1. Just to be sure I understand the model, the point goes 7 Å from the Cα along the line to the Cβ. What's the resulting B:SER178 to A:GLU208 distance in nm?
2. Helix B:181-196 versus the longest principal axis of chain B: what angle, 0 to 90°, nearest 10, using Cα atoms?
3. Calculate the mean, over all residues of peptide B:73-80, of how many other protein chain Cβ atoms lie within 10 angstrom of the residue's Cβ.
4. Tabulate in residue order the Karplus-calculated ³J(HN,Hα) for region A:255-261, using 6.51 cos²θ - 1.76 cosθ + 1.60 with θ = phi - 60°, rounded to whole Hz; enter x for Gly and Pro.
5. Rounded to the nearest 500 deg cm²/dmol, what is the calculated helix-only ellipticity per residue at 222 nm for chain A, with -39500 (n - 2.57) per DSSP H run of length n ≥ 4?
6. By its C-alpha gyration tensor, with a ≥ b ≥ c as the square roots of the eigenvalues, how is region A:166-256 shaped: rounded for a/c under 1.5, else prolate for a/b larger than b/c, else oblate?
7. Counting only other chains, and only Cβ atoms inside 10 Å, what mean value do you get across the residues of A:248-255?
8. Please list, ordered by chain and number, the residues whose modelled amide H lies under 5 Å from the amide H of A:SER112; skip anything fewer than 5 residues away on the same chain.
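The values are calculated or read from the model by the stated rules, or taken from the named source; none is laboratory data. Since this is a predicted model, take the numbers as computed values, not measurements. As a convention, Cβ positions derive from the backbone with ideal geometry for all residues, glycine included, and neighbour counts pool all protein chains shown. For the accessible areas, the whole protein counts, side chains as well, though only heavy atoms, and no ligand, DNA or RNA atoms are used. Shrake-Rupley method; radii C 1.70, N 1.55, O 1.52, S 1.80 Å.
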Amino acid sequence: MSRPRASRPGAAPARSRLRPGDLLALGFHGLRARPLRAVLSSLGIAIGIAAMIAVIGISTSSQALVKERLSELGTNLLTVTGGSDLLGQEVPLAEGAVAAIRRIPGVQHAGSTAALADVNVYRNSEIAPSRTGGLSVAAADLELLDATGTQMLTGAWLNEATAQYPTVVLGRAAAERLGIQSPGSLVWLGGAHFSVLGILDSSVLVPELDSMALIGEPVARQLFGHTGNPTTIYERSDDARVGAVRTLLPPTLSPEKPSAVKVSRPSDALAAKNTVDQAFTGLLVGVGSIALLVGGIGVANTMVISVLERRREIGLRRSLGATRRHIRQQFLLEAVLLAAAGGLAGTALGWLITAIAARANGWALAIPPEVLVAGVAVTAVVGAIAGLLPAVRAARTSPTAALSS
Amino acid sequence: MSEDAAAEHVVELRAVTRAYGSPPTVALNGVDLRIAAGEMLAIVGPSGSGKSTLLNIIGSLDRASAGDTRIAGHEVNRMSDAELSALRAHAIGFVFQQFHLSDGVTALDNVATGLLYTGMPARERRRKAEVALRRVGLGDRLRHHPRQLSGGERQRVAIARAVVGEPSLLLADEPTGSLDTKAGAGVVEILAELNRSGTTVVVITHDQELAERMPRQVRLRDGEIVADERGVAA
Ligand SMILES: Nc1ncnc2c1ncn2[C@@H]1O[C@H](COP(=O)(O)OP(=O)(O)OP(=O)(O)O)[C@@H](O)[C@H]1O
Ligand SMILES: [Mg+2]
């Protein structure tokens, strides 16, 4: 024998040592020995993590769509109103407001509407004056179309010439309610016949234009005593300048009372509407966490039983030279692998659910990769916590367990 | 054999007592036992006489409640769990009555497990395992699973696992207890062969005939050594 007396009296014996690769193999071996049990006990974890990934994935995928739509519409549109006075009456803006805004550096377009309070529009002169249909009439600035980014559904927008005459451009809803389908028809507006020039497509960012009948400023001055004070100004600027323009707008329009001027960003409102679902998302993530917790308890339970069943295996390993630490590591790793396997399956399932939901809704699949990585990592941590107590118990098993029958 | 050459003794027990629980039941009571390097001996005695308890203490799996235990020159009472584990990994081999083989693993890998906690690379473990299996006459059963082997063959695999690390001390608790006479004789022959090549072998047995073929027999009763005979068989 090459090493018959491995340890001479007094000399410290060589250490017990378990290679990391062997430890890993031991962990996998433990799972493979009882595959059905491994699957069942990691199912809870899988379901928990699948729920969380699906919730996050569906939420981010739908938000990705909103973001995409917003970037199409542009987030550089600001809306300016004069605010309201003490009596709740809308305060009109100054006559030269639009021109003043155009002079602010970075501003690309500015257009306005001026509500004409007592002017209404009807299909024809026979309709009772009280049946306004919720439609309003406003004098529109020629640049309104560019500023709001609204498209024409049919016909043409106002120009220098047509703005002088009794012509009108209808919002989409207004046209529907008035029963107008094509340009050239006549409507009864403020006691005169106005010829319909065109119909606007509906706009996500400026939905208020939908129910409006827009006429030129010159004709409004002429027929309805329009003073040139706009009610709402729409302004578009360079993306990088939006913040700066926003702070400049109130003092530019009302140097003596800047706080009265109200500036809003329609894209913010749209984005906010889509984050209302966050509470619901939070609830689902909570449910997922509970499933994860229950799954972790399932893994702990499986491991405790496993330790009791494998007392002899533990005793044998101890007799082969395993230290307590080796036994502890083996069972801890087994729990981690068990949970991580569930986590991997659950992450794949969650991804699949998100993909199906995204496809059904026409969204692009958008799960941040770090969420997938975190999914598996979280389950590994759950496994480590779940395996801690069983592993400590395994390490405490008496080395004589293999001998006692 | 010189009685006072302590260095020559693989095992040296002095007034070892092992008591369980409280009130204590005494499994071993003041046992003195010295086993010289290269000896082969049988521990015999009725059921409950303390044979397994004694073997556990000799194998450092258990600690005595009182008395001194020296194994391979080490004072066991002063050693940590990690040190005792190292001693078992490198210097002691165990054979059990129920074999304790892993079912889903080949004979070769079962034997290689005997070197798992020495930190030896897997390839080298397998190579040594093959040598050990050939030594116990199972060179043609390397890829067999335990289920495909007879009881005697399984115990030979277990012996190969116990000796693959070339321990100086081999301990067997009823190694033939689950085997028929013929298979048991085969196992004993392998143990004797290992002893001839230098390993110290301690065998617990119920089988009187088997015990009498060993050079030395230690007889236990009620936790005490009642006889320590050196036969002429050797
Ligand atoms: N873990 C334990 N806890 C309490 N008592 C024990 C324990 N292990 C052994 N004993 C007691 O110690 C005594 C000796 O037991 P031991 O297992 O050494 O006997 P044995 O000679 O090996 O018997 P057998 O031939 O049946 O295996 C018995 O009375 C037994 O009940
Ligand atoms: Mg026994």
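1. So the two model labels end up 8.8 nm from each other.
2. Long axis of B:181-196 versus the principal axis of chain B: about 80 degrees.
3. On the way: counts 7, 6, 2, 0, 0, 0, 2, 2.
The per-residue average across the peptide is 2.
4. Residue by residue, region A:255-261 yields x, 8, 9, x, 5, 6, 6 Hz.
5. Rounded to the nearest 500, it is -17000 deg cm²/dmol.
6. Details: a/c = 3.37, a/b = 1.66, b/c = 2.03.
Verdict is oblate for region A:166-256.
7. Working: counts 0, 0, 0, 0, 0, 0, 0, 0.
Taking all residues of A:248-255 together, the mean is 0.
8. Here the answer is A:ASP141, A:GLU143, A:LEU144, A:TYR234, since their amide H atoms fall under 5 Å of that of A:SER112.
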